[in-house]
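Here is the structure we will look at.
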Amino acid sequence: MSRTEISTDHGGDRPTRLFDDGDDELGGGNRMEAESDWAMAQRKGNQFLVNGQPFYVNGFNTYWLMVFAADQSTRGKVTELFQQASSVGLTVCRTWAFNDGQWRALQKSPSVYDEIVFQALDFVVSEARKFKIRLILPLVNNWDAYGGKKQYVQWGKDAGITNLTSDDDFFSHPTIRAYYKAHVKTVLNRVNTINNIVYKDDPTIFAWELMNEPRCESDPSGDKLQAWFEEMAVYVKSIDPKHLLNIGVEGFYGPSTPNRFQYNPNTYSQQVGTDFIRNHQILGVDFASVHIYPDGWISSNISVAHLEFTKSWMQIHIDDAENYLGMPVLFSEFGVSSKDPGYNSSYRDTLMSTVYQKLLNSTKKGGGGSGSLFWQLFPEGTEYMDDGLAIVLSKSPSTANIINLQSKRLDAFNSLCSWKCRWGCHKKHAFESCIHHDEL
């Protein structure tokens, strides 16, 4: 989903905690690991692990954290956001580790960085660690917001390269690919100026993501994008073999699996150069990514059909992740816009409950449906940037309660059992005792 650029004009006081269940200031005290146990996330088969325990994810997106942290007047909103996320048990945040050639750019031109903005990213990583929230960090955008592949191609043109005819040359031109690799190397080897931890050694980073929602419409066969994934996945792993890696696709089925076209939201989606199963069979890719936007892909008019699509879309990807890929699948963006005809907050709650219940069905079997990250969480005072999908917990108590309940349910799995036992212990009883509420 394309995102628009933001500006930062507003500060604001921090609100109090939204939920107080007796835990310490960082929230979720029963989930807090000792600093020595803040281990790197791993993958074994179709599950994420942390310290040998299953790690099912309840998370969120807030893409603009680095930009906010670069301005002292808005930096406090980053802390506020992590406080609120922690208070409802959210454990993973997805946020941009790029801003290319734009206002408050991280990368002003190829390999030329604004140190103030880089230190802002340092702050985001350091602050997330304080609240025991892990980060998924995409490294470039498919879309124009925050620069994206268009900016990289423009840099190539500015350098005198004459045979660049499409933004999709980002994936194929050797100079542009070298620009991207240089950015990857710089970010992964960055030494955090706040805690002195090299990014590639920091367990706060849950995973790297090659690109946000990559598409290559100039090559519907998918070969050009596949070659780029193959090259860049191996390159990332050559620098940082410790962290998990995903490619960032939306989950559309492509030419390698025509029998799956029926599950795509529309015929156009099979022609954008991505190919879910083929793309995730690449060396170095650790988990699958899928997005869920029926109101953007099918119709903006809210209907029950959107919920039915969500269920089938999730199930087929969970099945394929387990049966063909042997890896976890993370539904790393989902949401519904308040600008849609027929929208109301009750429908948003129903959509979230639908996503959460489908994941719980997989979790209870030790399956590959490994979590979700809704788009997107905002603290109070930032609503002026709302793209229609912002959730402000203090203003949406019913939604906050659904999120909090999902966190508690997943935490019952994450905290009670080792991977080897495959639920053959007391996990089931503990889980049932804490979630025999049917709010979902």
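The values are calculated or read from the model by the stated rules, or taken from the named source; none is laboratory data. Given the structure is predicted, the values throughout are model-derived calculations rather than measurements. Here Cβ is always computed from backbone atoms with ideal geometry, including for glycine, and neighbour counts include all displayed protein chains. Remember, those area values only see protein heavy atoms, side chains included, never the ligands or the DNA or RNA. Shrake-Rupley method; radii C 1.70, N 1.55, O 1.52, S 1.80 Å.
Points to keep in mind about this one:
- Residue in segment 298-314 that is under 17 Å from the mean Cα position of the chain (by Cα) and either buried (at least 21 other Cβ atoms within 10 Å of the Cβ) or free of Cβ contacts under 8 Å to residues at least 40 places away in the same chain (or both) present: yes
- Residue count for segment 199-221 under the criterion of being in contact with an Asp or Glu (Cβ under 9 Å, 6 or more places away or on another chain), of a type in the set (D, E, K, R) and in a loop (DSSP other than H, G, I, E, B): the result is 4.
- For first residues located in segment 189-213 and farther than 19 Å from PHE48 by Cα, partners that are at pLDDT 95 or above and acidic (Asp, Glu) and lie 6+ apart or on another chain with Cβ distances below 6 Å form the pairs ASN192/ASP122; THR193/ASP122; ILE194/ASP122; GLU213/GLU250.
- Assessment of segment 65-83 against the conditions (polar (S, T, N, Q), part of a strand (DSSP E or B) and either more than 21 Å from the chain's Cα centre (by Cα) or modelled with pLDDT of 95 or more (or both)) yields no matching residue.
- Segment 346-372 - residue that is modelled with pLDDT of 95 or more and either out of contact with any strand residue (DSSP E or B) (no Cβ under 9 Å at 6 or more places or on another chain) or of a type in the set (Val, Ile, Thr) (or both) and, of those, least open to solvent (accessible area, probe 1.4 Å): VAL355
- From the list VAL198, VAL234, VAL187, VAL249, the lone residue that is open to solvent by 60 Å² or more (accessible area, probe 1.4 Å) and aliphatic (A, V, I, L, M) is VAL234.
- The one condition in (1) buried (at least 19 other Cβ atoms within 10 Å of the Cβ); (2) closer than 21 Å to GLY222 by Cβ that VAL336 fails to fulfil: (2)
- Residue among GLY284, GLY273 that alone is assigned to a loop (DSSP other than H, G, I, E, B) and in contact with a Ser or Thr (Cβ under 8 Å, 6 or more places away or on another chain): GLY273
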